[in-house]
Amino acid sequence: MAVSSHGMHASSSTDDIDSIADGTRAAPWTPMIVIVLAQIMMIFNVSTLQVSMDAIAGSLSTAATTLGTAIVTYALVVAALILPGARVAQLIGSRRVFRASVGLFGIAMIVMAASFDETMMIVAQVLAGMGAAMLVPTLVVLVADNYQGHQQAKALGWLGAAPAMGIVLAFLLAGTLTGWVGWRAMFGLLALLALALLKFSDKLSAARRPSHVDIDWVGAGLAGVGVVLISLGTSNLASWGTLLARPDAPFAILDISPAPLMVVIGVFLLQAFISWSRRRRSQGADSLVALEVVAGTAERAALLSIFIVSALASAITFLIPLYIQVVQGRGSFETALSVIPFSVASFIAAITVVRLKSYLSPAHIGRYSFLLVTVGLALLGATIRNDWSHSMVIFGMAVAGFGEGALVTLLFNVLVTSSPRELAADVGSVRGVTNNLATAVGTAMATALLIGLLDRSVHFELVHNSSLPDEVTAQVDLDSIAFVSNSRLERALADTSATSEEIAEAVRINTDARLLALKATFFALAGCALLAFFPAGALPGYIRDPAKHGAANIKDEPHSTASSPA
């Protein structure tokens, strides 16, 4: 499966040349438009949740951090089901799976647009995650079904570039619609897009017939339950307790919170999945995924680095909208403009980092990129103020985005080049699981750290503050401290016996504690990025010779891509 390093920029006039070289006739690009739009549809779902979090939270009468739970839910469902989803496409046919998954995703968008509380919103994201879990691996299969040779290379390049640019478009369109019409309009448009994709799915080739596949359901169960437990455990560390159980915990074992227990059991089940897969391979049976793709030290270092950078990226794109909308009280469109520098820098780095491999080894690029992410996160923590300096925050996001984009392409490149060509699909599945699990864990950990710091700061202030009498603090539910705007806090305190002076003091406490929690969270994330510096040194130390790899294939120079929960 040949991939031209300039496939994304080649004009359509080269199709005849490609067809002559491959001995095949150039196929129309209409199916590729359908495939890319399906990819963008999934990106728009998560981006709308991020850019419109304050508007959605206000409409559903919930805290803005609840949107983090919705994002985590979507990501963990995708991560849990993506491995068997890839096998299902082989079992019943890629076009049938495309139609079923797009239809399910469209239903999820209708439920999301009609949501009247947070429970309905979570249900919508579960349905969307189920659809995306089947759709993500199917898109790659559809590219292979519809295109051959150099056309296939170009199609893979466009599919890989779609996430980064899709995020930019999603933030702009979702931010504009939320400010002018309302957040429900964006999800309504996504439902219409799903309907249009169903109509034009006839353009997709059905040449490849369904084939018998022995799906490892035991392995799927071990991997799926493990991913869900890890995601649930990390997302509830703040509300259920990091060690000892809090009042909100559904149960406790010897006063221990269920959250860390879920994480431990989840990791154990993933280890059991690896052991089970090895046993099946030794018996000559098919496993859910080929473990050879992460057999070496460099591959494992790449996978660990993918997890870290994806978790950090999801935390950034969750915390910045939370800060801009809740702390600053700005609208969705301003939020979109502020997050775009991160996505644009990520896209630029993703399409240019491959050229650096002629001068620097993957190990050097990986380390320098993690340093960029560290510097960017540290800048965000240092420049965030209640009187926010817009330019400095944008600069910090651009620096972090450039490092993230370089890492995403580099690390996927390392995984693919280290594996036989026939295992490229397994590489994609492993990377997809890692990305979505990291998205869930990154958002959950950012939320847990943010709320935990906020909770401690507020409790400390209330205990040592004589301006607020006990009878006023007694009317505030201190067991459910939330990241809320000053205006929402004022409305809540207006129903208590607090005087105007006491309300003003409570607002000051909320303002200071909220800012402190955000700053500390960004510095903690910068520390996590810095800790990845030395593990990245285990990446390959070679420098690619451009004279030997000028005409690369998928094994030598995979298409650029960008981080996305989908």
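Summary of values
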quantity: Single unsatisfied condition, Val111 versus (1) in contact (Cβ under 8 Å) with a residue 60 or more places away in the chain; (2) assigned to a helix (DSSP H, G or I); calculated: (1)
quantity: Hits in the range 493-506 (condition: surrounded by fewer than 16 Cβ atoms within 10 Å (Cβ to Cβ), part of a helix (DSSP H, G or I) and at pLDDT below 75); calculated: none
quantity: Residues of the range 329-339 classified as of a type in the set (A, V, I, L, M, F, W, C) and buried (at least 22 other Cβ atoms within 10 Å of the Cβ), total; calculated: 2
quantity: Count of residues meeting criterion [among the small types (Gly, Ala, Ser), under 18 Å from Ala444 (Cα atoms) and either touching a strand residue (DSSP E or B) at 6+ places or on another chain (Cβ under 9 Å) or open to solvent by 10 Å² or more (accessible area, probe 1.4 Å) (or both)] in the range 51-79; calculated: 1
quantity: Contacts under 7 angstrom Cβ, first residue in the range 511-535 being over 18 Å from Ala311 (Cα atoms) and part of a helix (DSSP H, G or I), partner open to solvent by less than 10 Å² (accessible area, probe 1.4 Å) and modelled with pLDDT of 90 or more, 6 or more apart; calculated: none
quantity: Hits in the range 105-120 (condition: in contact with a helix residue (DSSP H, G or I) (Cβ under 9 Å, 6 or more places away or on another chain) and not small (Gly, Ala, Ser)); calculated: Phe105, Ile107, Met109, Ile110, Val111, Met112, Phe116, Asp117, Glu118, Met120
quantity: Residue pairs meeting the criteria (Cβ under 9 Å; at least 6 apart or on separate chains; first among the polar types (S, T, N, Q), in the range 394-410; second assigned to a helix (DSSP H, G or I) and open to solvent by less than 10 Å² (accessible area, probe 1.4 Å)); calculated: Thr409/Gly160; Thr409/Ala349; Thr409/Ala350; Thr409/Val353
quantity: Residue match in the range 296-317 (condition: of a type in the set (Ser, Thr, Tyr), in contact (Cβ under 8 Å) with a residue 60 or more places away in the chain, farther than 24 Å from Leu67 by Cβ and in a helix (DSSP H, G or I)); calculated: yes
quantity: Out of Pro210, Pro250, sole residue that is assigned to a loop (DSSP other than H, G, I, E, B), surrounded by fewer than 20 Cβ atoms within 10 Å (Cβ to Cβ) and at pLDDT 85 or above; calculated: Pro250
quantity: Hits in the range 81-109 (condition: of a type in the set (A, V, I, L, M) and either surrounded by fewer than 19 Cβ atoms within 10 Å (Cβ to Cβ) or more than 14 Å from Leu193 (Cα to Cα) (or both)); calculated: Leu81, Ile82, Leu83, Ala86, Val88, Ala89, Leu91, Ile92, Val97, Ala100, Ile107
quantity: Test result for Phe116, open to solvent by 10 Å² or more (accessible area, probe 1.4 Å), aromatic (Phe, Trp, Tyr) and either touching a residue at least 40 places away in the same chain (Cβ under 8 Å) or not in a helix (DSSP H, G or I) (or both); calculated: yes
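The values are calculated or read from the model by the stated rules, or taken from the named source; none is laboratory data. Keep in mind it's a predicted model, so treat the numbers as computed, not measured. Note that each Cβ is placed from the backbone with ideal geometry, even for glycine, and that neighbours are counted across all protein chains shown. To get the accessible areas, we keep the full protein, side chains included, count just its heavy atoms, and leave off ligands, DNA and RNA. Shrake-Rupley method; radii C 1.70, N 1.55, O 1.52, S 1.80 Å.
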